[in-house]
Amino acid sequence: MDFFVKHWKVNRSGMLMMLAFQLGLFLMGVVMVLGINIFLNDDRDYAAVGGMMALMATVMGGLARGATGMIRYRLAVSMGYTRRAYMLVDPVLTLMNCIVGVVFAWVLNQLELRLYAAIYPGCELDMDIFRVMEWWHYLVLILGVCLLDFLFGALLLRFGTKGFAAVWFPLCFLPLIIMKSADAAKDDGTSLLAQIGRGIAFLIGLFSPAMWCAAGILLALALLVLSALCYGRAEIKA
């Protein structure tokens, strides 16, 4: 408990920075909606873009926190704490950050909806990500961010920036490639992206949702074990 309190006090600025980042993206999203509705949108509708961007900031902040995992580890060691203490406490702080971030994004989203209801009476809400997501979406999002945060710090410790970059850059571009390939496949195109999209659809159809869920859990456990091994073999130095 002593280490938990000290570790939180040393790293609490990270949570404040994430909340400020969320607020900044939220305001950017609100300004975008107002600008689009004034100059471009002729329909009587609006979208809660600010709340969505605030939620995205939670994910981005959690992943960015992983890039500082090596610094937090070295700092914990310099304070006289063991690898085990760090591996038990730091993920809990990541979990707290994610939960606070999701709740803050939800609060901002509610404020945004109230703002638009006052500005655009009688207009239709076209998109609200918090109405689309179910409880298990939040669970997967939070646990996924916590796992990747833990993994990034472990890779930095064990393999340096090259090992981190080998995972970070594919994660940045993979979702975009999947989305583009899916769109290309729907249009019955013959491009490489369309072929990739059809291949992904074929692989998804090979197994049931339950089997894919089990595979995801096994992958998460494997990454967790890998991360723990990397921390366990990391050199101890201040």
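Screening the candidates Leu63, Leu40, Leu93, Leu55 for the property of being of a type outside the set (Lys, Arg) and more than 25 Å from Ala20 (Cα to Cα) yields one hit, Leu40. Among the residues of segment 153-189, those that are within 22 Å of Ala228 (Cβ to Cβ) and charged (D, E, K, R) comprise Arg158, Lys162. Within segment 140-199, if we keep just the residues that are among the acidic types (Asp, Glu) and over 18 Å from the mean Cα position of the chain (by Cα), the residue that is farthest from Val59 (Cα to Cα) turns out to be Asp188.
Sub-7 Å Cβ pairs linking a first residue in segment 150-163 that is more than 15 Å from Arg74 (Cβ to Cβ) to a second residue that is at pLDDT 90 or above and open to solvent by less than 10 Å² (accessible area, probe 1.4 Å), at least 6 apart or interchain, are Phe150/Ser227; Leu151/Ser227, ordered by first then second residue.
Within segment 9-48, being open to solvent by 90 Å² or more (accessible area, probe 1.4 Å) and closer than 18 Å to Leu75 by Cβ holds for Lys9, Arg12, Leu16, Met17.
If you check Asn97 against the conditions, is it under 22 Å from Val30 (Cα atoms) and not β-branched (Val, Ile, Thr)?
Working: under 22 Å from Val30 (Cα atoms): no; not β-branched (Val, Ile, Thr): yes.
No: the conditions fail for Asn97.
Take residues that are surrounded by fewer than 10 Cβ atoms within 10 Å (Cβ to Cβ) and tell me which of the helices (runs of 4 or more DSSP H) falling wholly in segment 119-238 contain 2 or more. Here the list reads 135-186, 192-206, 209-232. The set of residues in segment 49-71 being surrounded by 20 or more Cβ atoms within 10 Å (Cβ to Cβ) and either farther than 30 Å from Leu115 by Cβ or charged (D, E, K, R) (or both) consists of Arg65, Gly66, Gly69, Met70. Cβ-Cβ contacts under 9 Å between residues 6 or more apart (or on different chains), taken from a first residue in segment 209-227 that is of a type in the set (A, V, I, L, M, F, W, C) to a second residue that is assigned to a helix (DSSP H, G or I) and surrounded by fewer than 13 Cβ atoms within 10 Å (Cβ to Cβ), are listed as Trp212/Ile204. Contact map, segment 185-202: residues that are modelled with pLDDT of 80 or more paired with residues that are in a helix (DSSP H, G or I) and not charged (D, E, K, R), Cβ distance under 6 Å, separation 6+ or inter-chain. Pairs shown: Ile196/Ser181; Arg198/Ala185.
Within segment 80-100, not a single residue is of a type in the set (Gly, Ala, Ser), crowded, with 20+ Cβ neighbours inside 10 Å and in a helix (DSSP H, G or I). Part of a helix (DSSP H, G or I), touching a strand residue (DSSP E or B) at 6+ places or on another chain (Cβ under 7 Å) and more than 22 Å from Ala228 (Cα to Cα) - does that describe any residue in segment 24-32? No, there is no match, as no residue in segment 24-32 is part of a helix (DSSP H, G or I), touching a strand residue (DSSP E or B) at 6+ places or on another chain (Cβ under 7 Å) and more than 22 Å from Ala228 (Cα to Cα).
The values are calculated or read from the model by the stated rules, or taken from the named source; none is laboratory data. Quick caveat, the model's predicted, so the values are computed rather than measured. Virtual Cβ from ideal backbone geometry, glycine too; neighbours counted across all protein chains shown. In case anyone asks, the SASA skips ligands and DNA or RNA and just uses the protein heavy atoms, side chains included. Shrake-Rupley method; radii C 1.70, N 1.55, O 1.52, S 1.80 Å.
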